[in-house]
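Take a look at the structure set out below.
The values are calculated or read from the model by the stated rules, or taken from the named source; none is laboratory data. All figures in this text were calculated on a predicted structure; none of them were measured in a lab. Reconstructed Cβ throughout: ideal geometry from the backbone, glycine too, with neighbour counts over all protein chains shown. The area values use the complete protein model at the heavy-atom level, side chains included, leaving out ligands, DNA and RNA. Shrake-Rupley method; radii C 1.70, N 1.55, O 1.52, S 1.80 Å.
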There are 2 protein chains.
Amino acid sequence: MTLSPPPHLTPRKKPRQARATVTLDAIFEATIQVLVSDGPRRLTTTRVAERAGVSVGTMYQYFPHKQALFYALNERYLDALAGEVEEACRAQHGAPIGRMVEALVTTYWAAKTERVEVTHALYRSVAEIDNEPLIEAFAQRVDAATTAMFASASDAAFADLSAVVLTLLTSIFGTVRSVFERHLPIAEADAVMRQLKLMCTAYLEAAKVQGKDAPVAA
Amino acid sequence: MTLSPPPHLTPRKKPRQARATVTLDAIFEATIQVLVSDGPRRLTTTRVAERAGVSVGTMYQYFPHKQALFYALNERYLDALAGEVEEACRAQHGAPIGRMVEALVTTYWAAKTERVEVTHALYRSVAEIDNEPLIEAFAQRVDAATTAMFASASDAAFADLSAVVLTLLTSIFGTVRSVFERHLPIAEADAVMRQLKLMCTAYLEAAKVQGKDAPVAA
DNA sequence: CCTCAAACTGAATGATCCTTCATATCCTGA
DNA sequence: TCAGGATATGAAGGATCATTCAGTTTGAGG
């Protein structure tokens, strides 16, 4: 998350004392809660401050304006998410591609479903800000981690790995998002996730270098 | 698009004279343009009216409030989109599944890329309203059309067709959305679409009833 | 214990913008 | 040609909110 931090969206100051850190956390959590209960349109600075138990002025010590708050919130979230995916990728180093797909989908889905309403709220809040830089940074981290993982696969090699990874990730992330958007009941959502794994595996089998069951040397 | 029309979002009246129809179209087009140029946050009733060449009051003759305008806009859009998909499905009746996938992806992608900025703006504007009913209605139409199509496939049958269709559509729609969200250059986007077709085809091959190259009788 | 910066407060400001309604114009059918 | 409904106007009301800042409280280091 270190790429191109837009100047107008940067926090005003970082907490130096312990209570300031507490305050900041409270503000973030309050933002999420208001987002969940009132929706992005009715999220006002006053409401967030109220819910966080601080005054409006306090918020403005850390963020130059409302958008910066949204931005920082998404940054936090995406940063954590990227971290989880990276870890999952590392854990599957050298494994067969089937297990890799399994891990990728499961990890991402688990992260998104851990707090369903929050995920929903964040998906919706995204329209409030220009978060391209965040998406970009997130994508780069995850792309890199995933590419490294598949390059180490024990049972397959790919002619154009970067295209394969791009497709795989785009479809996994997109499918998850669509499942949320359709408000599918958990049972059906889980079913789709199972099918998604099947789909990704079938794709990789079809895309891998034929006649070569392992990369370089097996 | 006839399912459960929320009362508070219903248009106030329908045009009875020719000029009213013109006005309505102008309002919709203006909404899109403002959405594209100013973003959903800066879309105000005044701005839309101005761009449409009418007065604010006129807008309020057709829509009880701003949200109803958004709602109607999305309704129009999704209605047209569903129509295109339905037609594509009809055209592939009895074809092999490969062609079906090809048609599905191509049609949807073409519809979304016809006016890229508009698609973008609409994706972003969605957060402004509660459009679940619209999504729901859209999904039902497309689900039905797609299911009917695949049920007629000349070279495959599926044990759980509805699950397959749900997965297929969710991933296609989601992938397209993700591609837009990442602002991929056209070249890469097209590449992903080609891979997506491969992915879907591989999935269907893996999911079809084995040893049966055609449904019922071949 | 004292000092100073860090952190916090919240009423006031100013801007934006949705929505209404009294009025004016236009169109159509008789 | 004319009446009455359909359509259009846009200034003004009223509400909401983001943001500021002068002043207060808190905590850490000396």
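For the reader, a short list of remarks on this structure follows.
- Options A:Ala127, A:Ala157; residue that is away from every other protein chain (no Cβ under 13 Å) and of a type in the set (A, V, I, L, M, F, W, C): A:Ala157
- Residues in the range B:63-88 that are within 11 Å of DNA strand C (Cβ to nearest atom), assigned to a helix (DSSP H, G or I) and over 18 Å from B:Val36 (Cβ atoms): B:Gln67, B:Ala68.
- Number of positions in the range B:20-44 that are in a helix (DSSP H, G or I) and either within 9 Å of DNA strand D (Cβ to nearest atom) or open to solvent by less than 30 Å² (accessible area, probe 1.4 Å) (or both): 14
- Hits in the range B:130-140 - residues which are more than 10 Å from chain A (Cβ to nearest Cβ) and buried (at least 19 other Cβ atoms within 10 Å of the Cβ): B:Leu134, B:Ala137
- Residues in the range A:47-73 that are within 11 Å of DNA strand D (Cβ to nearest atom) and of a type in the set (Val, Ile, Thr): A:Val48, A:Val56, A:Thr58.
- Selection from the range A:46-62 of residues that are within 12 Å of DNA strand C (Cβ to nearest atom), assigned to a helix (DSSP H, G or I) and open to solvent by 30 Å² or more (accessible area, probe 1.4 Å): A:Thr46, A:Glu50, A:Val56, A:Gly57, A:Thr58, A:Tyr60, A:Gln61
- Checked against (1) under 26 Å from A:Thr147 (Cβ atoms); (2) over 24 Å from the mean Cα position of the chain (by Cα), A:Arg76 passes all but condition (2).
- Close pairs from the range A:27-54: first farther than 14 Å from A:Leu122 by Cβ and away from every other protein chain (no Cβ under 14 Å), partner away from DNA strand C (no atom under 11 Å from the Cβ) and outside any helix (DSSP H, G or I), Cβ under 9 Å, at least 6 apart: A:Ile27/A:Phe63; A:Thr45/A:His65
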